[in-house]
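J.: Before I ask anything, here is the structure I am working with.
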Amino acid sequence: MKLCIVGAGLSGAVLGRELAAAGLDITIVDEREHIAGNCHTERDPDTGVMMHRYGPHIFHTDNKEVWDFVSQFCVMMPYVNRVKAIANGHVYTLPINLLTINQFFGKTLLPDEARKFIASKARMDIGVPGNFEEQAQSMIGDELYRAFFYGYTKKQWGVEPTELPASILKRLPVRFNYDDNYFNHKYQGMPRDGYTSLVEKIIEHPRIHLKLQTKFEEIDASIYDHVFYTGPIDRYFGYKFGRLGYRTLDFEKFHAEGDYQGTAVINFCDQDIPYTRITEHKHFSPWEADSFQRTVCYREYSRACCEGDIPYYPIRLVNEKRMLSDYIGLANASHRVSFLGRLGTYRYLDMDVTIAEALDASKRVRNLLEIGDKLPAFFLDPLK
């Protein structure tokens, strides 16, 4: 069989590798000039620092199968994501932990004392939270919410937090110890040579043929037995029902001598500061950070995604879910095409989930082909 995979990001690369290893001929096409999608990394020509061109990507997972898969193709270096936040002129640690609480309120609380203190701040009158703001206030109270989440969230999503679903914050970590590791996962790290090198090795297989700077609309899909589409699902159907809503990012790049901010990520929570965070990229590779005399940083600005922009975060509010449902109907009625990945299913996905879903999809594809059954439009329900 001849199969076409649209998109050379993690979804397309992992699926392509697994199907090629099963003896199938794979063509991967991508309209960009590089592989690895939004996790593409490259050396900054001015400093030599490894840059995450489309914003930082930190690998974290509890899925051993995913960790073992990735580790076949790269050396994973230890990396712990430690985020700082500036709010009201002070620097704090995120996620909210015992240090954050004690700093913010000028206390020296012990863990049990802090639990009771935060419980006294939480709004108990809310009942079942109906939006982002109520969810936060019911967990940490209004003061911490206003300082760390209100302004940042409004900048990130472009709407009042009362318009966002409570589900966004259901897993808000609040720790009553001094653990400042942003993630709780067992496996955390960063590929030593960058994500682009990782993806390059994943697709390094004699049965995989790569075509960059090639739009899906420019190829003859009829020559392939099946297409796996990881691009925007609304684009595949010519935006028949309109464009699904995304947030995009603008990056303001700048250089500095030595060490600019002393850490990889600082969030700027105040609403009057237009950017959401500053990232300093040499700190994403701490094993080599001291070897650079100069540093490269990015200020990140979030805004609504327009035509021609790179889509980052799916909005998935009521109108978008209704439109997505219409596109799902079209997809299920189509032939010889399957949709997967962040854009193909219109879902926010961490890298480990993206890889896990591609591995699962490849297993289902192989099984269905063996019994001669039809491949589905989706390998999971994109509305969930």
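J.: On the given criteria, is Q135 out of contact with any helix residue (DSSP H, G or I) (no Cβ under 9 Å at 6 or more places or on another chain) and over 22 Å from L10 (Cβ atoms)?
T.: Numbers: out of contact with any helix residue (DSSP H, G or I) (no Cβ under 9 Å at 6 or more places or on another chain): no; over 22 Å from L10 (Cβ atoms): yes.
In short, no.
J.: Something else about it: Take the residues in the range 253-282 that are touching a residue at least 60 places away in the same chain (Cβ under 8 Å) and not in a loop (DSSP other than H, G, I, E, B), then tell me which one is farthest from the chain's Cα centre (by Cα).
T.: Top of the filtered list is H255.
J.: Just to be sure, is I223 β-branched (V, I, T), surrounded by fewer than 15 Cβ atoms within 10 Å (Cβ to Cβ) and at pLDDT 95 or above?
T.: On the way: β-branched (V, I, T): yes; surrounded by fewer than 15 Cβ atoms within 10 Å (Cβ to Cβ): yes; at pLDDT 95 or above: yes.
Yes, satisfied.
J.: Select from the range 111-125 the residues that are among the hydrophobic types (A, V, I, L, M, F, W, C) and under 12 Å from R175 (Cα atoms) and write down the one among them that is surrounded by the most Cβ atoms within 10 Å (Cβ to Cβ). Show your work before the answer.
T.: The first filter runs over the range 111-125 and keeps only residues among the hydrophobic types (A, V, I, L, M, F, W, C), leaving 114, 117-119, 122, 124.
Now drop any that are not under 12 Å from R175 (Cα atoms), which leaves 114, 118.
Values: A114: 21, I118: 19.
If we take residues in the range 111-125 being among the hydrophobic types (A, V, I, L, M, F, W, C) and under 12 Å from R175 (Cα atoms), then A114 is surrounded by the most Cβ atoms within 10 Å (Cβ to Cβ).
J.: Continuing with the same structure: Return the residue satisfying two criteria in turn: it lies in the range 216-249 and is part of a loop (DSSP other than H, G, I, E, B) and touching a strand residue (DSSP E or B) at 6+ places or on another chain (Cβ under 8 Å), and of such residues it is farthest from K374 (Cα to Cα).
T.: Just the residues of the range 216-249 that are part of a loop (DSSP other than H, G, I, E, B), to begin with: 219-220, 224-225, 230-232, 237-245.
Right, trim to touching a strand residue (DSSP E or B) at 6+ places or on another chain (Cβ under 8 Å) and you get 219, 224-225, 230-231, 244-245.
Details: I219: 23, Y224: 15, D225: 11, T230: 19, G231: 22, L244: 28, G245: 31 Å.
By that ranking, first place goes to G245.
J.: If H57 satisfies every condition in (1) free of Cβ contacts under 8 Å to residues at least 12 places away in the same chain; (2) in a loop (DSSP other than H, G, I, E, B); (3) within 17 Å of V14 (Cβ to Cβ) but one, which is the exception?
T.: Failed condition: (1).
J.: Moving to a separate point now. Which ones in the range 193-215 are on the phi < 0 side of the Ramachandran plot, outside any helix (DSSP H, G or I) and not β-branched (V, I, T)?
T.: The answer is D193, E204, H205, P206, R207, H209, L210, K211, L212, K215.
J.: Same structure again: With respect to the numbered conditions (1) in contact with a Gly (Cβ under 9 Å, 6 or more places away or on another chain); (2) aliphatic (A, V, I, L, M); (3) in a strand (DSSP E or B), which one is the sole condition not fulfilled by M190?
T.: Only one criterion is unmet by M190, namely (1).
J.: Go through the range 122-144 and count every residue that is more than 23 Å from the chain's Cα centre (by Cα) and either closer than 14 Å to I101 by Cα or not in a helix (DSSP H, G or I) (or both). Give the derivation first.
T.: Of the residues in the range 122-144, the ones more than 23 Å from the chain's Cα centre (by Cα) are 122-130, 134, 137-144.
So of that shortlist, the ones also either closer than 14 Å to I101 by Cα or not in a helix (DSSP H, G or I) (or both) come out as 122-130, 139-144.
So the answer is 15.
J.: Would you call Y178 surrounded by fewer than 16 Cβ atoms within 10 Å (Cβ to Cβ), more than 19 Å from R123 (Cβ to Cβ), at pLDDT 95 or above and not polar (S, T, N, Q)?
T.: Working: surrounded by fewer than 16 Cβ atoms within 10 Å (Cβ to Cβ): yes; more than 19 Å from R123 (Cβ to Cβ): yes; at pLDDT 95 or above: yes; not polar (S, T, N, Q): yes.
Here the answer is yes, as Y178 does meet what is asked.
J.: Can you give me the ranges of the helices (runs of 4 or more DSSP H) entirely in the range 311-384 with at least 1 residues that are without any contact (Cβ under 8 Å) to a residue 24 or more places away in the chain and hydrophobic (A, V, I, L, M, F, W, C)?
T.: In the range 311-384, the matching helices (runs of 4 or more DSSP H) lie at 318-333, 351-370.
J.: Kindly list, by first and then second residue, each pair from a residue in the range 3-29 that is without any contact (Cβ under 8 Å) to a residue 40 or more places away in the chain to a residue that is of a type outside the set (S, T, Y), limited to pairs with Cβ atoms under 7 Å and residues at least 6 apart or on different chains.
T.: Partner pairs satisfying both residue conditions: none exist.
J.: Go through the residues of the range 293-310 one by one and say whether even a single one is in contact (Cβ under 8 Å) with a residue 60 or more places away in the chain, of a type in the set (F, W, Y), in contact with an Asp or Glu (Cβ under 9 Å, 6 or more places away or on another chain) and crowded, with 21+ Cβ neighbours inside 10 Å.
T.: Checked the range 293-310: at least one residue is in contact (Cβ under 8 Å) with a residue 60 or more places away in the chain, of a type in the set (F, W, Y), in contact with an Asp or Glu (Cβ under 9 Å, 6 or more places away or on another chain) and crowded, with 21+ Cβ neighbours inside 10 Å.
J.: Something else about it: Which ones in the range 279-338 are in contact with a helix residue (DSSP H, G or I) (Cβ under 6 Å, 6 or more places away or on another chain) and among the basic types (K, R)?
T.: Answer for the range 279-338, where residues must be in contact with a helix residue (DSSP H, G or I) (Cβ under 6 Å, 6 or more places away or on another chain) and among the basic types (K, R): just K282.
J.: Return the residues of the range 72-102 that are of a type outside the set (A, V, I, L, M) and loosely packed, with under 14 Cβ neighbours inside 10 Å; say none if nothing qualifies. Outline the logic, then answer.
T.: Going through the range 72-102, the residues of a type outside the set (A, V, I, L, M) turn out to be 72-74, 78-79, 81-82, 84, 88-90, 92-93, 95, 97, 100, 102.
Selection gives Q72, P78, N88, G89, H90.
J.: When the range 30-54 is examined, which residues are found to be under 19 Å from the mean Cα position of the chain (by Cα) and hydroxyl-bearing (S, T, Y)?
T.: T41, Y54
The values are calculated or read from the model by the stated rules, or taken from the named source; none is laboratory data. On a predicted model such as this, the values are computed, not experimentally measured, just so you know. As a convention, Cβ positions derive from the backbone with ideal geometry for all residues, glycine included, and neighbour counts pool all protein chains shown.
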